[in-house]
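The values are calculated or read from the model by the stated rules, or taken from the named source; none is laboratory data. In this text, all values refer to a predicted model and were calculated from it rather than measured experimentally. Glycine also receives a Cβ, built like all others from the backbone with ideal geometry; neighbour counts cover every protein chain displayed. Remember, those area values only see protein heavy atoms, side chains included, never the ligands or the DNA or RNA. Shrake-Rupley method; radii C 1.70, N 1.55, O 1.52, S 1.80 Å.
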Amino acid sequence: MTRVNRFNSPVPDHEYLADGDVLFYLRDAVTQLLDHQQEYTTFGLIRYFAEYFSSVKNSNHVLFREYNYIRATPHNRASFIRVFWRCYRQIGKSGDLLSTLEYRSLLQLLCPDFPLEMVQRAARIVQMEDVVDCLMSFSDFLYALQLHFYYPEFLNSMLLIYQDLLAGKSPNTVIVPTSTSIDLLRSVAAENISKEKQQQQQDGVDPSTLAQCIDALCDRFKHSHPPRSCMREVLGQTNKVYYYSFLMSLAKHESINQTIGALPSRAEFLIDPEMDQDLDKLIAQISVSPSSNSSGSAVGGLKEEHPPQEED
Amino acid sequence: MADKEKRRSGATPPGMPEGNATKSDSDREFLSRAGVGELLRGAILKMVEARSDDPIGFLADHFCNLASVSETGTAGYSDVDHFSDGPLSAGAQEQQHLNRALWHLRLAHHSQRSAFSNNVRVAYDLLNLTGPLRRSGEVPQGPDVSCTDSPTEGGGGGGGVKGGLYTQTLQCLCSEGGVPASTSAPLLQRLHCQDHEAVPYDIFRHGVLTCAVFSDYIRQAQRLYAEVCCPDEGPASRALCLSVLGTLKEALETSQGCEANVCDNSNMKVNSCLEGNVKALCYLEASAKISPYRLGQAMAGAQARGPGGNMDAKEFENAAAELFITRVKSAIKKNAGQVLTSQIYQQQIGA
């Protein structure tokens with residue numbers, strides 16, 4: 001949302017442009033155009049940009065794109081989770097339980113280079129331990145994946161804080177990570193996973209202390225984070241906080257789910273006859289056209305008189 | 001397969017420095033040949049002017065509009081199609097213009113004055129089309145069309161927007177702003193113009209701005225009522241509501257008063273800076289009258305005395321609307337009368 005300055009001095013142009021992710025999408029549109037020159041010039045240039053931005057608006061743009069693209073903006077992340085849900089909802093309906101590797105295969109059908117690490121982190125939230133072979137239900141896995149995929153920077157920071165608190169540091173000395181140290185956080189967090197697992201069984205952390213540290217983190221955090229009120233609510237419900245059960249509660253929290261806006265509530269997770277229709281259309285298009293960059297955007301309900309262009 | 005993989009990831013293969021140089025050269029050539037720079041520059045300029053809250057949606061609509069114009073031919077505004085299509089198509093085209101004008105008016109909030117003014121201008125020009133004229137800013141851009149901006153004068157092809165279209169615009173603005181038809185009816189009664197009248201830009205802008213502010217005002221009044229009344233206990237007490245409305249009225253009258261003072265002085269040579277200060281003081285005074293403290297005092301006083309009975313949400317809303325509308329009347333009609341008369345006169349003498 002752009003900031004409205006009520007005293008009549010408008011937000012300067014470059015700030016307005018930088019506020020959203022518009023420049024990112026413009027750049028990507030041109031890159032894609034250059035990579036597929038032949039296809040899109042027969043399409044028509046204006047129609048290409050119209051389809052590109054319509055598909056971004058309708059959240060259909062992330063299908064079959066590379067991982068760096070789908071995680072680049074919050075809108076992309078939410079769209080990808082939603083697309084995954086739309087494509088594989090049938091699994092939830094049939095009640096099948098799948099393993100981490102099987103979920104990863106499904107993810108890779110939609111995003112060829114989706115990393116195993118992200119899938120494992122989501123699985124850990126569901127399973128609360130580091131066992132890769134455990135089977136998970138579709139809804140459990142997807143809500144956990146949503147949390148970790150949408151707020152990765154925040155969860156990494158929080159893990160470090162949690163570990164510091166477990167190690168006995170007082171809240172005042174707990175280092176609040178800034179955005180510049182994200183990469184460092186990732187490697188440290190990975191190292192500490194096994195250590196954490198052992199301690200998980202024995203100790204928890206005092207909820208109010210953790211709440212205090214999370215507050216400090218949110219104050220200075222440049223990335224997005226779950227609403228503070230939701231986190232405080234979850235923390236207020238126990239006497240001792242264990243990291244993965246805390247994350248699982250967050251994953252299941254309806255307000256956080258609504259804030260992200262990608263998935264319906266748990267009650268409605270499997271219900272939607274209109275989705276079934278869209279799903280059939282999607283499957284039909286995937287099976288007809290092998291490279292699906294143009295058909296992905298056409299699913300978004302654009303004008304009927306412009307059917308998706310098939311490749312020659 | 002490998003080629004497809006490469007294209008999907010959008011990356012060039014490593015280890016080919018010469019290939020990279022040729023690729024970026026040919027990329028640049030392709031882009032300039034296709035006119036991508038012009039296209040995007042135009043889009044970004046429009047986007048920054050409009051300052052929409054949803055830039056992606058804006059771009060999607062912008063390009064879709066452009067695409068439909070260029071795909072149905074640039075003949076949208078040319079002589080040939082306009083005459084051969086007949087009155088039915090003209091009506092449909094009018095509706096299309098109305099929709100697009102409304103879309104423009106929705107982009108920026110009225111508090112963002114410059115962006116809002118830009119959008120009002122664009123909307124006015126869109127609705128002002130009475131003849132087959134090429135308009136600047138609406139020329140479609142594409143690889144095959146050479147772009148020439150043909151500038152038009154301020155009034156466009158016709159002498160103003162048709163009264164009926166203007167009234168329709170105001171109606172849509174109010175209803176989209178969340179104001180029920182019955183509440184906005186008195187306002188529209190005062191603002192509307194007859195079908196045959198030609199509405200000049202100033203009136204148009206004033207009307208649009210008034211409706212935008214009115215929508216905000218009604219929404220705030222609804223929220224005010226929600227604060228004053230507890231839903232479980234049924235409608236709020238009449239006395240309470242009247243006291244709140246009274247405070248609001250007082251504040252509005254104070255601000256009205258200072259406008260009147262300033263207007264009277266405008267014939268004399270008043271230092272404009274001083275004038276600005278006087279105005280500011282008046283508005284501060286008015287807003288002080290509606291401060292939480294004052295409001296609380298009024299409400300506490302009302303509970304002790306005042307008429308009995310309840311006031312429901314609808315009545316409160318209508319009363320608040322009335323406070324607003326009485327202030328609109330005098331400002332506009334005077335100007336409107338003068339300007340419209342001259343417009344009609346001009347049309348009659350065939351100017």
Restricting region A:21-31 to residues that are open to solvent by 10 Å² or more (accessible area, probe 1.4 Å), in contact (Cβ under 8 Å) with a residue 12 or more places away in the chain and at the interface with chain B (Cβ under 9 Å from one of its Cβ atoms), the residue that is farthest from the chain's Cα centre (by Cα): A:Asp28
Enumeration of residues in region A:63-106 that are aromatic (Phe, Trp, Tyr) and either out of contact with any Gly (no Cβ under 9 Å at 6 or more places or on another chain) or under 17 Å from A:Leu147 (Cβ atoms) (or both): A:Tyr67, A:Phe80, A:Phe84, A:Trp85, A:Tyr88, A:Tyr103
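Conditions tested, residue by residue: (1) closer than 20 Å to B:Asn119 by Cβ; (2) within 19 Å of the chain's Cα centre (by Cα).
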position	(1), (2)
B:Leu165	yes, yes
B:Leu170	yes, yes
B:Cys174	yes, yes
B:Gly178	yes, yes
B:Ala181	no, yes
B:Leu188	no, yes
B:Asp195	no, no
B:Pro200	yes, yes
Count of residues meeting criterion [open to solvent by less than 50 Å² (accessible area, probe 1.4 Å) and farther than 16 Å from A:Leu33 by Cβ] in region B:22-43: 1
A:Thr209, sole failed condition from (1) farther than 23 Å from A:Tyr150 by Cα; (2) outside any loop (DSSP other than H, G, I, E, B); (3) open to solvent by 50 Å² or more (accessible area, probe 1.4 Å); (4) modelled with pLDDT of 75 or more: (3)
Selection status of A:Ile46, within 10 Å of chain B (Cβ to nearest Cβ), over 25 Å from A:Pro273 (Cα atoms), open to solvent by less than 30 Å² (accessible area, probe 1.4 Å) and among the β-branched types (Val, Ile, Thr): yes
Scan of region A:84-98 for residues that are open to solvent by 50 Å² or more (accessible area, probe 1.4 Å) and within 21 Å of A:Ala262 (Cβ to Cβ), ordered by number: A:Gln90, A:Lys93
Selection from region A:128-153 of residues that are out of contact with any helix residue (DSSP H, G or I) (no Cβ under 6 Å at 6 or more places or on another chain) and surrounded by fewer than 21 Cβ atoms within 10 Å (Cβ to Cβ): A:Glu129, A:Val131, A:Asp133, A:Leu135, A:Ser137, A:Pro152
Meets criteria (open to solvent by less than 40 Å² (accessible area, probe 1.4 Å) and in contact with a helix residue (DSSP H, G or I) (Cβ under 9 Å, 6 or more places away or on another chain)) for B:Ala198: yes
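Residues are listed down the side, and each one gets a yes or a no for (1) at pLDDT 75 or above; (2) of a type in the set (A, V, I, L, M):
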position: B:Pro307; (1), (2): no, no
position: B:Ala313; (1), (2): yes, yes
position: B:Glu317; (1), (2): yes, no
position: B:Lys333; (1), (2): no, no
position: B:Ala336; (1), (2): no, yes
Test: residue in region A:252-267 that is farther than 15 Å from A:Cys230 by Cβ, open to solvent by 60 Å² or more (accessible area, probe 1.4 Å) and not in a helix (DSSP H, G or I): no
Criterion (away from every other protein chain (no Cβ under 12 Å) and either in contact with a Ser or Thr (Cβ under 8 Å, 6 or more places away or on another chain) or open to solvent by 20 Å² or more (accessible area, probe 1.4 Å) (or both)) met by exactly one of A:Leu34, A:Leu101: A:Leu101
Boolean, B:Thr183 is among the polar types (S, T, N, Q) and at pLDDT 85 or above: no
Counted residues, region B:170-195 - those being out of contact with any Gly (no Cβ under 7 Å at 6 or more places or on another chain), within 17 Å of B:Leu98 (Cβ to Cβ) and either open to solvent by 50 Å² or more (accessible area, probe 1.4 Å) or part of a helix (DSSP H, G or I) (or both): 8
Which numbered condition B:Ala50 fails, given (1) more than 7 Å from every other protein chain (Cβ to nearest Cβ); (2) modelled with pLDDT of 85 or more; (3) in contact with a His (Cβ under 8 Å, 6 or more places away or on another chain): (2)
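Matching residues to (1) hydrophobic (A, V, I, L, M, F, W, C); (2) within 13 Å of B:Ala319 (Cα to Cα):
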| site | (1), (2) |
| --- | --- |
| B:Gln194 | no, no |
| B:Leu209 | yes, no |
| B:Arg219 | no, no |
| B:Leu240 | yes, no |
| B:Ser243 | no, yes |
Members of region A:32-78 found to be over 26 Å from A:Glu117 (Cβ atoms) and β-branched (Val, Ile, Thr), listed by number: A:Thr41, A:Thr42, A:Ile46, A:Val56
Number of positions in region A:55-71 that are open to solvent by 10 Å² or more (accessible area, probe 1.4 Å), within 7 Å of chain B (Cβ to nearest Cβ) and in a helix (DSSP H, G or I): 1
Some residue of region B:149-158 being assigned to a loop (DSSP other than H, G, I, E, B), of a type in the set (S, T, N, Q) and modelled with pLDDT under 80: yes
Odd one out for B:Ser9, checked against (1) within 11 Å of another protein chain (Cβ to nearest Cβ); (2) modelled with pLDDT under 80; (3) surrounded by fewer than 13 Cβ atoms within 10 Å (Cβ to Cβ): (3)
